[in-house]
Amino acid sequence: MAAVESGTCEGPAGMSAVKRLSHAAPLALRILAECPVSKARACVLTLPHGPVNTPVFMPVGTQGTMKGITVEQLEELGCQICLGNTYHLGMRPGPELIEKASGLHGFMNWRRNLLTDSGGFQMVSLVELSEVTEEGVMFRSPYDGKEILLTPEQSITIQNSLGSDIMMQLDDVVSSTVTGPRVEEAMHRSVRWLDRCIAANKNPDRQNLFAIIQGGLNADLRKACLDEMTKRDVPGFAVGGLSGGEEKDDFWKMVTLSTDHLPRGKPRYLMGVGYAVDLVVCVALGCDMFDCVFPTRTARFGSALVPWGSLQIKQKQYAKDFQPIDPDCQCATCKRHSRAYLHALFKSDTAAMHHITIHNISYQLTLMRSVRQSIIEQRFPEFVRSFMRRMFPSSEQYPSWAVDALASVNIALD
Amino acid sequence: MKLELSKVVQGCRLGLLTAIEQTAQHSLDVPGCLLFTHCATVPHLTQDTLHTLSNLPAVTQVTLNCLAEHHEVLEEFKEGVRKFAGLHDTALYCSLHDSATTNPAGHITNKTVSVWGSGGRMELTVAKFMALQAAIKPDFYQSMADGETWQANTSRKRVRKAVDRTLAHLDECLILHQKTQELKQAKIFGVVEGGNILEERVRSARETAKRPVAGFVLDGFQSAAMKQDLRSQLITAVTAELPQEKPRLLQGVGRPDEVIACVEVGVDLFEGFFPFQVTERGCALCFDCTVTTDPETAGTSPSTVLESNEERPVVEEPKENGDSCPENMTRFEMNLNDKRYREDLRPLVEGCSCYCCKNHTRAYIHHLLVTNELLAGVLLMLHNTAHYLRFFRALREALANDRLQDFKRRVLQ
Ligand SMILES: [Zn+2]
Ligand SMILES: [Zn+2]
């Protein structure tokens, strides 16, 4: 794999060798291989803090930390990019302090790439009584009760202070289960807010701004949004407004519609997706980047991800099970500890959670590396078939949406 | 097990504990401390993070209160806790209780002691206690003991009973120890009880010393239980009864000032729970434990301690208003919950080479505490362990170079 990749790139200066796709944007996407059957592709995405091999899963470090894992451990797991949440970090410790600490990279001492969200999603989902107007999102601070208005400009100002390699535009988030005129309004507003975000970016030479495709589950609105947004010269696109409890049949159709109309030369980020099956299917549909809190959150409850699903390590059945979580896993946890020991440790110390968190991040990143390798070696459809065979006890249990989605890109499951 | 004393200065014993386990790979400098764990894991730390620290103690302490509930599992596993926990390069000591927590009193009988695990109280007879040791397979362990005399106002009668029971338990443990194949390589430490009654302390020490034990555990001297003057007085009387060539491990004492005072009355080993307690209250050890280098000896002995800092770390002073100090906080630590560190971009301790200080700022630790993030415990535990181990190294160096008084002044200033 190493032979086909470009060398490490520590900063914008190192990118001169690769043609930039967006004028002056600090991002380059090199497509290494495309699946001849499906829409899957393997790329190297070069960002200011080094290369990112895609398809990539990005672990979420909400508060500028990865749930008890040190940055050194995260680096050792091979993580090339992780997320920080603008809403949380903007509240505590605040953009001023982070700027003083040389950005979020400096504050958390992370040398590789960072992506920050706009903060809008958290406001709408976490804060009661938030209200969206053309100006921005109005909400009440849960810390001091003050009314705060988050405008597209302010979101970008905070993200500029955080210094992330990829910033997300503020979008008008509507639950994916909402229908009617509100969805259309949100889509048009998201386009207008994208323009305001682009204009507000003080560091276009150092920080990439991604647009977020909205439009709910309505194909016409999605298409209209795609048409408008792809007219803008942004370095990358996200597919937003999904993964919020909608039917999976609707979900994958919106994903594949989006990738059909997104430019080939720019990265595609599917927001909030992180279950193994969803990742593999959506890679087949042409997505490059994913994030989700699930693998790290579920770890803290003792749920370890494995190629055949998950194990609940706290269950009694593992008390005397002296094998590692996954005998084939190469992570630090599986190389040293048994299910039985982790089961026992869960009763005594938080380190048990850290062990599972490490394993789960390793699982996600290893899965994506295997996906990528199979694309490069032109055997992605076979990879998908064996992945599904391992994940489900029998083909009768394959989720029908996944079967349909894969069939739509010519991958037939056996 | 062999204790080689290289120097005894004013009651302080400097030396090396060797042949701790059968393979004799490990040795432990005394005065020194053990590595504190929960279920064989240093709290908050994975093996990767733990091993960012160098010069870790060669002995890991495990406690029965954590392990008793896993008895059946360990019996089925057969290979002992070291292997069960994925530890490789360490000797293992097993104690009855976890000194970082206090247990409810009133559950001891003539034949049993109780430990508290995640599922509540477990009652142990000597037979059960020894069966557990056989499953745990430590290199050395504390004999079963009635240590319930640490509370103030314990009657003389109760103290006497505790001494008698503890000796009876020891005799029973020794008999079973001989018969237990799994413990053939293990050593047993006798427990000195006696509360705050001098005669009982002396009697307990004298009687225990008559038994074939490898070392001694001094129990019932917990920090909260008694003033250091009394503790020193009692330990002086106890150590006078103990053979020079066997190690003395003091339970329940970890504060740097108390550690020094106890070393001065002949204690060799301490448990390592103190850095954990500091971590749990969101604090970082920051006391000065440098030894001023004598110009004549400078460069002749390898310096294991920090160069003297220009700037002394800020030590908390209780404030009239503003953030209140965490309960039990000592003057050896700084409270990272305090708003004053919000924008402090310095490391916890200037010049500290631990992973936390090399990579992170006080402001970051403060942020992690404020947001309740798990990494706060990881980073503070790394620093506090590093600082505490540095304190013990500096203490030994001070003893080696006859600079104990100077060292003491620095630590206590
Ligand atoms: Zn693993
Ligand atoms: Zn440190």
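The values are calculated or read from the model by the stated rules, or taken from the named source; none is laboratory data. Keep in mind the model is a prediction, meaning the values are calculated, not measured. Every residue, glycine among them, receives a Cβ derived from its backbone with ideal geometry; neighbour counts consider all protein chains shown. Side chains are part of the model used for accessible areas, which takes the heavy atoms of the whole protein and leaves out ligands, DNA and RNA. Shrake-Rupley method; radii C 1.70, N 1.55, O 1.52, S 1.80 Å.
Numerical summary
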quantity: Modelled FRET efficiency - R0 56 Å, residue A:195 with residue B:83, Cβ distances, 0.05 increments; calculated: 0.35
quantity: Relative packing of B:178-186, B:389-397, which averages over residues the other C-beta atoms within 10 Å, highest first; calculated: B:389-397, B:178-186
quantity: Average other protein chain Cβ within 10 Å of Cβ, residues B:113-123; calculated: 1
quantity: Cβ-based net charge around residue A:168, under 12 Å, with every Lys or Arg adding one and every Asp or Glu removing one; calculated: -4
quantity: Rg to Rh, two decimals, where segment B:90-185 supplies the alpha carbon set and Rh follows Kirkwood; calculated: 0.97
quantity: Threshold 40 Å² - residues in segment B:364-387 whose accessible area is reduced by that much or more when the chain is no longer isolated, probe 1.4 Å; calculated: B:364, B:367, B:371, B:373, B:374, B:375
quantity: Cα long-axis angle, helix B:198-210 against chain B (0 to 90 degrees, to the nearest 10); calculated: 70
quantity: FRET efficiency, 1/(1 + (r/R0)^6) with R0 25 Å, evaluated for residue A:134 and residue A:230 via beta carbons; calculated: 0.60
quantity: Check: segment B:2-272 dipole with +1 on Lys, Arg Cβ and -1 on Asp, Glu Cβ, in debye; calculated: 720
quantity: 10 Å Cβ neighbours from other chains, averaged over peptide B:35-45; calculated: 5
quantity: Label-point gap, in nm, between residue A:410 and residue B:180 - each point 7 angstrom along Cα→Cβ; calculated: 6.9
quantity: Karplus-derived HN-Hα couplings along segment B:9-20 (A = 6.51, B = -1.76, C = 1.60, θ = phi - 60°), whole Hz, x at Gly and Pro; calculated: 10, 6, x, 7, 10, 10, x, 9, 9, 10, 6, 5
quantity: Sorted largest first, extent of segment A:165-223 alpha carbons per principal axis (Å); calculated: 38, 18, 17
quantity: Dipole of segment A:40-290, positive direction: furthest Cα of A:240, A:58, A:218, with charges on the beta-carbon; calculated: A:58
quantity: Selection from B:366, B:103, A:331, by position along the positive dipole direction of the protein assembly as shown (Cβ); calculated: B:103
quantity: Efficiency of FRET from Cβ geometry, residue B:245 and residue B:168, R₀ 35 Å, rounded to 0.05; calculated: 0.85
quantity: Peptide B:231-240, shielding by other chains (average Cβ, 10 Å cutoff); calculated: 0
quantity: Dipole-positive endmost among A:251, A:186, A:267 within segment A:137-269 (Cβ charges, Cα centre); calculated: A:267
quantity: Residue among A:97, A:83, A:226 with the largest mean-square fluctuation in a Gaussian network model of chain A, springs linking Cα atoms under 10 Å; calculated: A:97
quantity: Extension gain (nm, one decimal) between residue B:10 and residue B:327, 0.36 nm per residue minus Cα-Cα; calculated: 110.7 nm
quantity: Links that overshoot a 18 Å alpha carbon limit, given the list B:83/B:137; B:7/B:246; A:347/B:137; B:157/B:246; calculated: A:347/B:137; B:157/B:246
quantity: Mean residue ellipticity (222 nm) of chain A, computed from DSSP H runs ≥ 4 via -39,500 (n - 2.57), nearest 500; calculated: -11500 deg cm²/dmol
quantity: DSSP H segments from chain A that extend 30 Å or more along their own axis, Cα-based, with Kyte-Doolittle mean of -1.0 or above; calculated: A:351-376
quantity: Square roots of 5 times each gyration tensor eigenvalue, C-alpha, chain B, largest first, Å; calculated: 34, 24, 22
quantity: Spacing of the two label points (7 Å from each Cα toward its C-beta) at residue A:179 and residue A:400, in nm; calculated: 1.8
quantity: Test item: Cα-centred dipole of chain A, Lys/Arg +1 and Asp/Glu -1 on Cβ, debye; calculated: 1100
quantity: Most to least accessible of B:1, A:388 (protein chains only, probe 1.4 Å); calculated: B:1, A:388
quantity: Cα centre as origin, Lys/Arg/Asp/Glu Cβ charges: segment A:207-339 dipole, Debye; calculated: 660
quantity: Pairs beyond 29 Å (Cα-Cα), from B:111/B:179; A:248/A:320; A:202/A:253; B:161/B:408; A:320/B:128; B:161/B:227; calculated: A:248/A:320; A:202/A:253; B:161/B:408
